[in-house]
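Quick notes on the structure that follows.
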Amino acid sequence: MCGRFTLKTPERVKFDALNTYDPDDLVPRYNIAPSQNVLTILERNSEREATFLRWGLIPFWSKEPKGFINARAETLEQKPAFSESFQRRRCVIPADGFYEWERNGKISQPYYFQMKDQAPFAFAGIWDRWKSDGSWITSSAIITTTANELVAQIHHRMPVIISPESYDLWFTDDPRSPLKDLLAPFPASEMISHTVSHDVNNVKVDDDHLVQPVDSTVGVNLRLF
């Protein structure tokens with residue numbers, strides 16, 4: 001799954017063909033958590049826009065505002081909560097790292113995963129709009145897939161990462177497009193990871209010490225190739 005991530009360098013996020021986006025309006029985030037508003041790129045009326053959506057997708061037909069933070073790639077087309085959004089309301093969510101936890105008995109050690117060059121990337125996502133008593137909540141979920149060789153040392157799932165060259169395909173409305181081909185694990189050879197502070201467990205903590213490597217008795221820094 002994906003339960004926390006970062007966008008610590010929003011000024012480095014670059015997307016073509018956006019009609020609204022000013023990185024100066026963003027502040028670095030080191031502990032983005034479910035139910036918070038997250039920067040999201042979506043396409044409406046053939047135009048891409050940057051907006052903020054609540055992290056935790058609420059299907060439009062839901063009777064209560066109960067959200068799903070993740071959607072499994074393998075069952076997107078079968079699950080009623082996700083199928084229509086996958087066909088009609090796809091998005092990408094900019095990030096530059098994410099956390100996963102290694103469970104060892106009663107202890108869960110957090111790890112931070114990022115690109116080797118620490119560059120931003122984008123999660124594959126879906127979104128929906130829910131209405132109740134005259135108010136609207138627009139929300140999103142991050143799509144997950146099986147873990148690559150690096151992440152699998154810690155967790156069996158990872159977020160789907162969409163490469164920039166695949167953005168046009170991801171946003172296409174052509175029903176013949178092989179969208180599910182994009183929902184594969186990101187190459188482990190392009191990523192690195194290290195153990196980080198347990199402070200990330202506290203959603204009220206959001207500063208740069210969270211992504212700094214720490215010594216750990218239950219894990220070691222990970223690197224492939």
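With 5 Å bins beginning at zero, the pair-distance distribution over Cα atoms of the chain amounts to 1, 7, 15, 19, 20, 17, 12, 6, 3, 1, 0 %. Placing unit charges on the Cβ atoms only, positive for Lys and Arg and negative for Asp and Glu, gives segment 1-112 a dipole magnitude near 480 debye about its Cα centre.
Note on segment 1-124: Cα Rg divided by 2.2 N^0.38 Å, N the number of residues, gives 1.14. Straight-line cross-link reach from Lys180 at under 17 Å between alpha-carbon atoms covers these lysines, not counting any fewer than eight positions away in the same chain: Lys79. Each residue of segment 185-192 is assigned a 3J(HN,Hα), and the resulting list reads x, 5, x, 5, 5, 9, 10, 9 Hz, derived from the Karplus form 6.51 cos²θ - 1.76 cosθ + 1.60 (θ = phi - 60°), x at Gly and Pro. Close amide H pairs (under 5 Å, H built 1.01 Å from N) link Ile161 with Ala124, Phe186, residues at least 5 positions away or on another chain. Placing +1 on the Cβ of every Lys and Arg and -1 on the Cβ of every Asp and Glu, with no other charges, gives the chain a dipole of roughly 780 debye about its Cα centre. What the phi angles of segment 45-61 give under the Karplus curve with 6.51, -1.76 and 1.60, with θ = phi - 60°, is a coupling list of 6, 6, 10, 8, 9, 9, 8, 10, 10, 5, 7, x, 5, 9, x, 4, 8 Hz, glycine and proline written as x. Length gained on full extension, Glu74 to Asn104: 8.1 nm, using 0.36 nm per residue less the C-alpha separation.
For segment 67-178, go through all pairs of different Cα atoms, get the mean of 1/r, take its inverse, and jot down that Kirkwood value in Å.
This gives a value of 15.6 Å.
Structural descriptor for segment 132-188: relative contact order 38 percent, calculated from alpha carbon pairs under 8 angstrom and at least 6 residues apart. Name the residue farthest towards the positive end of the dipole of the chain from the options Thr195, Ala147, Thr9, assuming +1 on Cβ of Lys and Arg, -1 on Cβ of Asp and Glu, about the Cα centre. Final value for the positive-end residue is Ala147. Rounded to the nearest Hz, the phi-derived 3J(HN,Hα) couplings of segment 36-43 under the Karplus curve 6.51 cos²θ - 1.76 cosθ + 1.60 (θ = phi - 60°) are 7, 7, 10, 4, 9, 9, 9, 10, where x marks glycine and proline. Applying 1/(1 + (r/R0)^6) with r as the Cβ-Cβ distance of His156 and Ala119 and R0 = 30 angstrom yields a FRET efficiency of 0.70.
This ranking places Ile142, Ile154 by how few other beta-carbon atoms lie within 10 Å of each, fewest first, which gives Ile154, Ile142.
Restricting to Cα pairs below 8 Å that are 6+ residues apart, what does the relative contact order work out to for the chain? Please round to a whole percent.
Computed over the chain, the figure is 21 percent.
Taken along the Cα-to-beta-carbon direction at a fixed 7 Å, the label points for Asn201 and Phe15 span 3.4 nm.
Evaluated at q = 0.13, 0.14, 0.16, 0.24 Å⁻¹, a Debye calculation over the C-alpha positions of segment 26-91 (equal weights, vacuum) places log10 I(q)/I(0) at -0.42, -0.49, -0.64, -1.21.
In segment 29-184, a dipole from Cβ-located charges (positive for Lys and Arg, negative for Asp and Glu) runs towards its positive end, and of Thr40, Pro80, Ser62 it is Ser62 whose Cα lies farthest in that direction. Across all Cα pairs in segment 122-192, the calculated P(r) in 10 Å bins from zero up to the longest distance comes to 18, 40, 27, 13, 3 percent per bin. The equivalent ellipsoid of segment 152-220 has semi-axes of 33, 15, 11 Å, largest first, where each one is the square root of 5 times an eigenvalue of the Cα gyration tensor.
With 20 Å as the limit on Cα-Cα distance, the pairs of Lys8/Lys204; Lys14/Lys66; Lys116/Lys204; Lys8/Lys106 that go past it are Lys14/Lys66; Lys116/Lys204; Lys8/Lys106.
Every number here is computed from the coordinates shown, using simple stated rules; none is lab data. In this text the structure is predicted, and so the values were computed from the model without any measurement. A quick note on method: Cβ atoms are made from the backbone with ideal geometry, for glycine too, and the neighbour counts reach across all protein chains shown.
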